[in-house]
Amino acid sequence: MKLISIICLVLLSIAFASAHRYGCGSVQCADGTISLTKFGICACIDIPKCHDVVLSTKVVATWDVNGAHFTQYDVTITNNLEFDIKNIFIGTCNNFRLKDNDNHNLWNMERCADNELTLPKVQPSINKNASYTFGFIVCGTPADQPNLAILAVTY
């Protein structure tokens, strides 16, 4: 279990090192922190421990069409915090190339920027101790799996 936690922290650290600094309003959070907003007040906190907010990625299917490779993923956000998440911003990497560059290949999340995802308007929050699943189809094989990282959480 400790090994999984260490691997998770290393992956989060790598993802944050490659992501831009994220904040709210005029606040820019330093590396190794995310912005957390409660009651309209923004603060930078250490990256949540892997067991606080968990992103679990699962390959659903892979296929080839005329030599092009595609992979479908389901991602479950698990909220183990003691409060409801009002919004979450998830950063993506350059491997997040939706099939046909079409947002119809992304469901249960919305793009708020080129490399950022957020909860859709129809899903205003993730309750405490609950999970939420979204999915997408990207170009590439599971070896090209896009990295996802939590950039900010609002509660």
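Taken together, the values in this text are just the output of simple stated rules run on the coordinates, not laboratory data. Everything quoted here is computed from the prediction, not taken from an experiment. Every residue, glycine as well, gets a Cβ built from its backbone with ideal geometry; the counts of neighbours run over all protein chains shown.
Numerical summary
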| item | result |
| --- | --- |
| DSSP-loop trypsin sites (Lys or Arg not before Pro) across segment 77-136, with at most 11 other Cβ within 10 angstrom | LYS121 |
| From phi via Karplus (6.51, -1.76, 1.60), per-residue ³J(HN,Hα) for segment 66-79 in Hz, x at Gly/Pro | 6, x, 8, 9, 9, 9, 9, 10, 10, 10, 10, 9, 10, 9 |
| Hypothetical label at SER56: residues of segment 86-118 whose amide nitrogen lies under 14 Å (7 Å Cα-Cβ projection) | none |
| Under Karplus coefficients 6.51, -1.76 and 1.60, residue-wise ³J(HN,Hα) of segment 115-128 in Hz, glycine/proline x | 10, 9, 10, 8, 4, x, 4, 7, 10, x, 6, 10, 4, 4 |
| Amide hydrogen neighbours beyond the local backbone of ASN95, cut-off 5 Å, H modeled | ASN147 |
